[in-house]
Amino acid sequence: MRRMDLVPFVRRYRPSDRAALADICVRTAHEGGDSTSLYPDPGLMPSLFAFPYVELEPAFAFVLDDGTGQAVGYILGAPDTPRFAERFRAEWLPLVSERYPEPEGEPTTPVEEMLVLLHRPERMVLPELTSFPAHLHIDLLPRWQRRGFGRALMRALLDALEAAGVPAVHLCMVRANTAARAFYGRLGFREIDVPDPGPVLYLGRPTARAGSAA
C-alpha cells in the first residue's frame, strides 16, 4: 500500500508505542513545541507527563496511528485525579526517583522546576477541580495538528471516561500556548477559576456528548 493511501486512525495505546510516546512528549512539551534544549535528558518529560499514565491508567490511553502502526499523537487520562496522585507517589515515583532526585531548595533551572513537579504529585489535587475529577494530556506531532485528529483523540477519551461514569474532566495548560487554548475552546472547554494559577490555565468540560462541540 502506498503511503498516500494510508488512513490514520485512533486506537488504544500498546506497550510497543512507548518509544513513540516519549518522542511525541519531548517534541511538544514546551508550549506545544520541541523541549529538547530545555530538558536534555529525553526521559524526563515522558516520566512526568506520559509514562505514569500508561502504566497506571492504560484503559484511558489512546494514540493516533498514522496507518503504519506508528503513533504520531496521543491522549492520556486519569479518571480520578486524587487517586492518581496517590498512586503516582506510591507506585510510579519509586521507579524514577533515583534517576530524577528531588532538588534541594528552590528550583533555579527549567529541569529543576520539572523535578519539583515530579516529586509533588499532590499539586494535581485542587479543591476548585473537585467537580472535574478526571484530567488529561493530549499531544500531536506538528504535521498531524489542525487536521481534525486532536478532536478524534479527545472524543475517544471523553467516551471512555463517560462510559466509566466520570462526569467531567479538566486539563492544565500554559497560558502562552494560545493555539492550544483556541483548540480547547472549540471542543467546549471553559476556564475554571483557580486562585493564583500562575503561568497556567485550568480548563474543564463534561464528558458527555450532549450539547458539546466534540
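Quick look at the numbers
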quantity: Among Y100, Y74, Y53, residue whose mean-square fluctuation peaks in a GNM of the chain (springs only between Cα atoms under 10 Å); calculated: Y100
quantity: Which of S47, S97 is most accessible, then next, and so on - probe 1.4 Å; calculated: S97, S47
quantity: Rel. contact order, % - alpha carbon contacts under 8 angstrom, at least six apart, the chain; calculated: 20
quantity: Rounded to whole Å, sorted largest first: equivalent-ellipsoid semi-axes of the range 160-213, Cα gyration tensor; calculated: 22, 13, 8
quantity: V200-D5 FRET efficiency (beta carbon distance; Förster radius 41 Å; 0.05 resolution); calculated: 0.50
quantity: Candidates E98, E86, E57, ranked by Gaussian network fluctuation over the chain, Cα under 10 Å, top entry; calculated: E98
quantity: Share of Cα-Cα pairs in the range 21-114 lying beyond 24 Å, as whole percent; calculated: 26
quantity: Convex hull volume per residue in cubic angstrom - Cα atoms of the range 123-210; calculated: 101
quantity: Accessible area in square angstrom per residue, the range 25-152, 1.4 angstrom probe; calculated: 47
quantity: Theoretical gain in end-to-end length, A19 to L38 [0.36 nm per residue, Cα-Cα removed]; calculated: 4.9 nm
quantity: Rounded percent of accessible protein surface that carbon and sulfur make up, the chain, 1.4 Å probe; calculated: 55
quantity: Distant alpha-carbon pairs in the range 61-177 (separation over 26 angstrom), percent; calculated: 33
quantity: Candidates P107, P42, P199: whichever shows maximal mean-square fluctuation once the chain is modelled as a Gaussian network with Cα springs under 10 Å; calculated: P199
quantity: Restricting the range 46-120 to trypsin sites (Lys or Arg not before Pro) in coil, as DSSP defines it, with at most 16 other Cβ within 10 Å; calculated: R99
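The values are calculated or read from the model by the stated rules, or taken from the named source; none is laboratory data. For clarity, every value in this text was computed on a predicted model and none was experimentally measured. A quick note on method: Cβ atoms are made from the backbone with ideal geometry, for glycine too, and the neighbour counts reach across all protein chains shown. For accessibility, only protein heavy atoms count, side chains too; no ligands or nucleic acids. Shrake-Rupley method; radii C 1.70, N 1.55, O 1.52, S 1.80 Å.
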